[in-house]
Each structure stands twice: as structure tokens, then as C-alpha cells.
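Read-outs throughout are calculated quantities, based only on the coordinates presented, and are distinct from any laboratory measurement. Predicted model only: the values in this text are computed from it and were never measured. All Cβ positions, even for glycine, are placed from backbone atoms using ideal geometry, and neighbour counts span all protein chains on display.
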Amino acid sequence: MTAIQSNPQNGFFFSARSQERLGGVHPDLARMVRRALQLSSVDFAVLEGRRSLERQTLLYESGATRTLNSRHLSGHAVDLGAWVGGSLRWDWPLYEKINQAMQLAAMEIAVPVEWGGDWKSFKDGPHFQLPWGEYPILHPSRFPSVAPQDEGVN
Ligand SMILES: [Zn+2]
């Protein structure tokens, strides 16, 4: 059984699937996401955490992402989905609210975070990542040799 911690303030809790996905990401990011759910005014699920290179390549070839050098590959990124009335919603204002909760959580635990919604060329509302600068990849040879970019790295 997966322990499900319900937040007494907003009643939001992660499903077993969301918790499992969080298990593959960097502990600082996982902690931030868990705290953000407690602070959030919008319920959300963890759609994706760590991603295989095979899957990244598939997403890249389909045009769903613009990079093969994603922070998802190393578990430094998550995609969060707004959960309203029993279904996922993609309405932009919901993601601004999730971002507010993430920024609050980030400040509280003193861990930096970047929101894909702040990117200029390819806005990615569900995407949150630990910055390359503060969280470099320890074993770059394991990843495609594409130079890190400061945006569009979803
Ligand atoms: Zn993402």
C-alpha cells in the first residue's frame, strides 16, 4: 500500500500513480511538488517525471518537444496536470495557479525552480524543472551532446 497523505487544508492528495512518478525525480524537486500540492488552490497530478531516452526521442520526432536534452531524462523535471472535477484540464489560468504554489514551495524549501510557462518561444505550462546552473547533470556522457538551453528544454 502506498501511503497517501491528504492535506487537511485543501483535501488534495496524490494518487498512487502520481507518487510513483515522483519517486523517479530528484528528491529536492519531489519535495517541492509535494509541498506545492498542500499550498495549491488547484488540484494537480504528476503526469510525468523521469523519462527514458527512447520516449524523449519519440516525443522529439513527433514535435511534442524541441529537445533531446530534456531535464526529464535525468529526473530534474516534472509535468504537472491540473485536475478539476475528475478530469485533466489544460486551461492556462490553472497552470498559473499551480506555478504560484510551486514558487511558494520553492521559496519555502530554498530550492530554485524554472517554470516552462515562463519560456518565451515554447510555453509549457505543465513543465517545472530544476535549473541547469544549480543542478548540472553529473554524468553528461549518458545524455545526447546537445548544448543546454535556457528555454525550450522540456
Ligand atoms: Zn516537461
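Can you work out the PRE-style zone for Gln100? Point 7 Å along Cα to Cβ, and I want the residues of segment 32-49 with backbone N under 17 Å.
36-44
Rounded to whole Å, give me the distance from the Cα center of segment 34-105 to that of segment 113-127.
Distance between centres, Cα-based: 10 Å.
Gain in length, Arg89 to Leu47, computed as 0.36 nm per residue apart minus the alpha-carbon separation, to one decimal in nm?
On the way: separation 42, 0.36 × 42 = 15.12 nm, distance 1.21 nm.
Gain on stretching Arg89 to Leu47: 13.9 nm.
What ranking of Phe14, Phe44 emerges when the number of other C-beta atoms within 10 Å of each C-beta is taken as an exposure proxy, fewest first?
Working: Phe14 21, Phe44 26.
With the fewest neighbours first, Phe14, Phe44 line up as Phe14, Phe44.
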